[in-house]
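Here is the structure we will look at.
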Amino acid sequence: MRTCHGCSLCILSSLCMFSVAVVFMLSVHFCKLMRSSGSNSEFSAQMVELQTKFTRDDQDRPVLTGGFSTGFYVNQFGNSTIRKKTGLSREQKLEQGLARARSSIRRAASRLNLSATVRGDDFDPSGFVYRNPGAFYQSYEEMERRFKVYVYSEGDPPITHDGPCKDIYTIEGRFIHELEHGAGMFRTRDPHRAHVYFLPFSVTWMVKTCGADHFMLACHDWGPHVAKGNPFLYNTSIRILCNANTSEGFNPQKDISLPEIHLYGGNLPSKLLTPPPADAPRPYLAFFAGGVHGPIRPILLHHWKNRDNDLRVYEYLPKELDYYSFMLQSKFCLCPSGHEVASPRIVEAIYAECVPVILSDSYVLPFSDVLRWEAFSIQVDVSEIPRLKEVLSAVSEERYRRFKENLKVVRRHFVLNKPAQRFDVFHMILHSVWLRRININLE
């Protein structure tokens, strides 16, 4: 864990207490709205589950259940049918809309001809980077068509409605700013029209100052600990975290892995804006440079630091050498976890079209609901680090070529644009929230 000035345990305790106050403050408004709206408890206190469940009605038809009541059933052909029902509340209408979305995604998932699903835009469903390209594309379209997010207005900057927009926690502030000021089609000022509710506080700014339909976002290492300060938030809300560590309570069925993006000064390094041509020489087999912290990096440096000219491993890169030049000249970029499981090297490697080599335990990779990471990265068990050169040298030229092609496809999903663009990292994060709201797994 990274620490700042003062006793880290005392600061962490104070931080957790402060986060409870912030979350409580932001939650009061929604609770009052639900009480005053007259909506029944079926919708006001309901927690949704990611996995769909089915029971049988009195006519032996499968009825969708599992945390929400939508007034629809799924017939034997897998098509959703909306029952005739009068006097629907706004919440029930929202759920019916989600039922239609689920139905259209299931139909798209079973289509063999993707041209029937994908309209003529810049989405490329080819290759093997998507678990189900038709389902993903249809889900994304449904998200753009229906998804509404309510952002709590309570609180004052810098703790709320603000966050870092440069350096290692860039993603915190950029997401908050884009959702509050740029995401016109998704944000709603009417909480009754919302599918989810965003708690716009920055864990990073909290440190510097010493419900299933609610979500928070944090890239700081202390993000998971902030959520623990409120058991309700920890157990039921959607937590979007860079530190997506299952051994520390990260639950991929409700939580979301956030890519860690390090933008020095708020901008992508110029060398990574346009990677070299596919046939440009990459003389080094693999590259890593970084501090020795956490349980994995000491093992890596013990076996490979300054030991092989093909596998270039440094503790700290000498000043006369350039970090990004090494990435652009290497076939594989080693991405070992440090104090926490996430590393900005993964996204940097994608930008450089240097195949990421994931060296981590218990890390849930970002957007793995949708993306097949094995199509554009390699995961190596920590026990195999002594054999790392052998493992990477065994990758055939044809497999490496496919890795490179697939990196070009997925790059757009990890780019921070201002303003946001379709299928970029901002929209992929929202899509991950959308998936958990509609209870569907794109597999």
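Miscellaneous remarks
- Potential extension, S247-E398 segment - 0.36 nm per residue separation minus Cα distance: 50.8 nm
- Sorting the segments 101-110, 328-337, 300-309 by their residues' average number of neighbouring beta-carbon atoms within 10 angstrom, most packed first, yields 328-337, 101-110, 300-309.
- Shown is the FRET efficiency for Q421 and R372, computed with R0 = 22 Å from the Cβ-Cβ distance and rounded to the nearest 0.05: 0.45.
- Distant-in-sequence amide H partners of Q379 (H built 1.01 Å from N, under 5 Å): I358
- Panel note: the C-alpha atoms of segment 319-402, placed on their principal axes, show extents of 38, 32, 28 Å (largest first).
- With the simple model of a label 7 Å out from the Cα in the direction of the Cβ, E180 to S362 spans 3.3 nm.
- Computing FRET efficiency as 1/(1 + (r/R0)^6) for E384 and T188, where r is the C-beta to C-beta distance and R0 is 35 Å, gives about 0.10.
- With the simple model of a label 7 Å out from the Cα in the direction of the Cβ, K93 to N113 spans 3.6 nm.
- Each of the peptides 264-272, 249-257 was scored by the mean count of other Cβ atoms within 10 Å over its residues; in descending order, highest first, they stand as 249-257, 264-272.
- Extension gain for K408-Y316 works out to 30.2 nm (0.36 nm per residue, less the C-alpha to C-alpha distance).
- Vicinal HN-Hα couplings computed from phi for segment 388-397 (Karplus, 6.51 cos²θ - 1.76 cosθ + 1.60; Hz; Gly/Pro x): 4, 5, 4, 4, 6, 5, 7, 6, 5, 4
- N306/F128 FRET efficiency (R0 25 Å; Cβ-Cβ; nearest 0.05): 0.10
- Under the Karplus curve 6.51 cos²θ - 1.76 cosθ + 1.60, θ = phi - 60°, whole-Hz ³J(HN,Hα) for segment 418-426, x wherever Gly or Pro sits: 9, x, 4, 10, 3, 6, 7, 5, 4
- HN-Hα J in Hz across segment 293-298 - Karplus 6.51, -1.76, 1.60, θ = phi - 60°, x for Gly and Pro: 8, x, x, 9, 4, x
- Amide H contacts for I256 (H built 1.01 Å from N in the peptide plane; partners 5 or more residues away or on another chain; cut-off under 5 Å): R239, I240, L241.
Every number in this text was worked out from the coordinates using simple rules, so none of it is lab data. Quick caveat, the model's predicted, so the values are computed rather than measured. Using ideal geometry, Cβ is built from the backbone for each residue, glycine included, and neighbour counts are taken over all protein chains shown.
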